[in-house]
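Each remark here refers to the structure printed beneath this line.
The values are calculated or read from the model by the stated rules, or taken from the named source; none is laboratory data. Just so it is clear, the structure is predicted and the values come from calculations on it, not from any experiment. Quick reminder, even Gly has a Cβ in these numbers, built from the backbone with ideal geometry, and neighbours come from all protein chains shown.
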Amino acid sequence: MKMMDFQTFLRDKNLTEKTDEEKVKGLIQHLVNETAPRVLIQEFPETETQARYFIKNCVTPSNVFYVRCSLDESQNRMQELGKSHPNYLPSSILSKKIRQFNEHA
């Protein structure tokens, strides 16, 4: 199995500023040429739009792993990223997003 980080892929392919559909289209094009029989994609999908586009235009994933961590751990990870990182979220926004996610989970 090959492991792939979606954020690294986006940076390497200059797709970070593209739309969700363009990001996933680039991923699908990359996977078409992948020789490994299985690929584990970390940090993907980022949004529901990406998930729907992937399933509609590629294949339904055989396994999906969802890993949760505490709010404290999430905040520690954000601090490690640093405020200059594009994925950084202030504590108040992070708390709100986690609360909203937990309500829908």
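Some notes on this structure:
- Qualifying residue in the stretch 29-47 (condition: within 24 Å of Asn87 (Cα to Cα), among the hydroxyl-bearing types (Ser, Thr, Tyr), surrounded by 14 or more Cβ atoms within 10 Å (Cβ to Cβ) and in contact with an Asp or Glu (Cβ under 6 Å, 6 or more places away or on another chain)): no
- Residue match in the stretch 19-31 (condition: out of contact with any Phe, Trp or Tyr (no Cβ under 8 Å at 6 or more places or on another chain) and in contact (Cβ under 8 Å) with a residue 40 or more places away in the chain): no
- Within the stretch 73-85, the residues that satisfy the criterion of being within 26 Å of Leu27 (Cα to Cα) and surrounded by 10 or more Cβ atoms within 10 Å (Cβ to Cβ) are Arg77, Met78, Leu81, His85.
- Identity of the residue in the stretch 1-28, in a helix (DSSP H, G or I) and among the polar types (S, T, N, Q), that ends up surrounded by the fewest Cβ atoms within 10 Å (Cβ to Cβ): Thr8
- The stretch 33-50: number of residues that are at pLDDT below 90 and either assigned to a helix (DSSP H, G or I) or among the small types (Gly, Ala, Ser) (or both): 2
- Check on Ser70, small (Gly, Ala, Ser), farther than 21 Å from Lys2 by Cα and exposed (fewer than 13 other Cβ atoms within 10 Å of the Cβ): yes
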